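The values are calculated or read from the model by the stated rules, or taken from the named source; none is laboratory data. Please read all numbers here as calculations on a predicted model, not as lab measurements. Here Cβ is always computed from backbone atoms with ideal geometry, including for glycine, and neighbour counts include all displayed protein chains. Only protein heavy atoms, including side chains, enter the accessible area calculation; ligands, DNA and RNA are left aside. Shrake-Rupley method; radii C 1.70, N 1.55, O 1.52, S 1.80 Å.
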Amino acid sequence: MGPESRHGIAQALRPLADRQPDPKKAAAVLGKLTTPPISILVLSVPVPGHPVPKWEQELSAGAVCMNLEHAAAAFGFSTSWITDWYSYDTEAVALFGVHEGEQIAGFIHIGTVTEAPLERVRPDVAALTTYLP
């Protein structure tokens, strides 16, 4: 495995950020790895040939992410569940010790918010909801 700290991994990711479509933004988001007091990497590790279908195994990794967020909130902390470019770049995931057949379900960053989070356009839930008679 590569660097042994979040700062070390962020440093190792900097050269890889230059290959991204928006290198400046790719380098800037590396701060997400180093700023929070706690970061938890959740991997999806489907077991081939398991009676539980691969898709359900992958969904369970997402459930882990959501449950970590709920647990942290229950203790009064704020969380951010993200992936970002370094979750999909082959060389980048190797720095996190991700092996073939595994994928990053998310980074759960836990801490105390010091400023309001940036908002983004959200889907229109009403337009996506169907009611059955």
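Against the numbered list (1) open to solvent by 90 Å² or more (accessible area, probe 1.4 Å); (2) polar (S, T, N, Q); (3) modelled with pLDDT of 95 or more, Ser87 comes up short only at (1).
You will find that of Ala92, Ala127, the residue that is in a helix (DSSP H, G or I) and exposed (fewer than 10 other Cβ atoms within 10 Å of the Cβ) is Ala127 and no other. Checking each residue of the range 48-62 against the condition of being in a loop (DSSP other than H, G, I, E, B) and within 27 Å of Ser5 (Cα to Cα) gives no match.
Considering the range 50-81, and only residues there that are over 13 Å from the mean Cα position of the chain (by Cα) and of a type in the set (A, V, I, L, M), the residue that is least open to solvent (accessible area, probe 1.4 Å) turns out to be Ala72. Of all residues in the range 15-46, those satisfying the criterion of being of a type outside the set (A, V, I, L, M, F, W, C), surrounded by fewer than 17 Cβ atoms within 10 Å (Cβ to Cβ) and within 18 Å of the chain's Cα centre (by Cα) are Lys25, Gly31, Thr34, Thr35, Pro37.
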